[in-house]
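Enquirer: One structure is given below, represented as structure tokens, and several questions about it will come after.
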Amino acid sequence: MKFTVNVKTTAKRGTTIIANASAKPARLPGTAHDFVVLEDVIPGLLVDARYAGTDNFTGQVVPGYQSSRLLLTRQSALALSGVQQTLAVAGLACKVFDAYRPQRAVDFFIHWTQLQDRADLKRDYYPELEKTELFKLGYLVRQSSHSRGSTVDLTLVDCISGTELDMGTPFDFFDVRSRPDNLEVTMQQRANRMLLRTVMGEHGFLPLAEEWWHFTLQNEPYPDSAFDFLVT
């Protein structure tokens, strides 16, 4: 599956913003790299597209996500396929929470920080912080690597039991305990995080210091772009 987009360039930091012109599958202009649906190219991949539903830190379906399919650049998807194959030998699999993220979703997160807190969401996702701190501490950003199409949020699952490996915190838990090197979690939880980090690194993905679940392909094809086509 591929996507047609129109291109316009903004002067802001030289970033190319690419907006959706059509929901029909087609090729990105001017490049051999395409966006693909992860489940189409990675057998056995587990998907839990959090932003396509309400089970996320905003409590809402996030703008830009019109289906639960997850997309990455073909180059990143093939690298993630290698991760899946490596894990399968150990009886494990990837579960992906988010991949390509439209810029309009990032913009919505900025808007969300201005809304009144919901007590349940604050308890579950950022109990020790105020919304205004999420940008300062790097948990939210105004230009996300996800919008470049080569960043993925994921965890590991035991193929036999179907359960996620214990990483010490949930996905999108905005807290120092989500740092991969945090010492407040148990040795087994740190080991699980290190396993994920090691396998992802072996296949060309770089980690994020603040979040154990976040990885970006080192040689990503669109390092200076921010896409905004819909996930349909």
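Enquirer: Give segment 60-112 a look and list any residue that's over 30 Å from Ser161 (Cβ atoms) and of a type in the set (Phe, Trp, Tyr), or say none.
Expert: Residues satisfying the conditions are Phe108, Phe109, Trp112.
Enquirer: Let me ask you something else. Of the numbered conditions (1) part of a loop (DSSP other than H, G, I, E, B); (2) under 25 Å from Leu78 (Cβ atoms); (3) touching a strand residue (DSSP E or B) at 6+ places or on another chain (Cβ under 8 Å), Phe215 satisfies every one except a single condition; which is it?
Expert: Here Phe215 clears every test but (1).
Enquirer: When residues of segment 144-165 are filtered for being surrounded by 15 or more Cβ atoms within 10 Å (Cβ to Cβ) and either of a type in the set (Ser, Thr, Tyr) or without any contact (Cβ under 8 Å) to a residue 60 or more places away in the chain (or both), how many remain?
Expert: 7
Enquirer: Can you tell me which residue among Ala105, Ala99, Ala90 is among the aliphatic types (A, V, I, L, M) and more than 22 Å from Tyr65 (Cα to Cα)?
Expert: It is Ala90.
Enquirer: Where in segment 58-126 are there helices (runs of 4 or more DSSP H), lying wholly inside it, with at least 3 residues that are β-branched (Val, Ile, Thr)?
Expert: Those helices (runs of 4 or more DSSP H) span 74-89.
Enquirer: Now for a separate question. How about segment 57-91: which of its residues are over 16 Å from Phe215 (Cβ atoms), in contact with a strand residue (DSSP E or B) (Cβ under 9 Å, 6 or more places away or on another chain) and of a type outside the set (Ser, Thr, Tyr)?
Expert: Gly64, Gln66, Arg69, Arg74, Gly91
Table: residues versus (1) surrounded by fewer than 18 Cβ atoms within 10 Å (Cβ to Cβ); (2) within 23 Å of Pro63 (Cα to Cα); (3) of a type in the set (Gly, Ala, Ser).
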{"position": "Arg142", "(1), (2), (3)": "yes, yes, no"}
{"position": "Glu184", "(1), (2), (3)": "yes, no, no"}
{"position": "Arg193", "(1), (2), (3)": "no, no, no"}
{"position": "Leu196", "(1), (2), (3)": "no, no, no"}
{"position": "Glu210", "(1), (2), (3)": "yes, no, no"}
{"position": "Phe227", "(1), (2), (3)": "no, yes, no"}
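Enquirer: Among the residues of segment 15-38, is any part of a helix (DSSP H, G or I) and modelled with pLDDT of 90 or more?
Expert: Within segment 15-38, one or more residues are part of a helix (DSSP H, G or I) and modelled with pLDDT of 90 or more.
The values are calculated or read from the model by the stated rules, or taken from the named source; none is laboratory data. Here the structure is a predicted model, which means the values were calculated and not measured. Quick reminder, even Gly has a Cβ in these numbers, built from the backbone with ideal geometry, and neighbours come from all protein chains shown.
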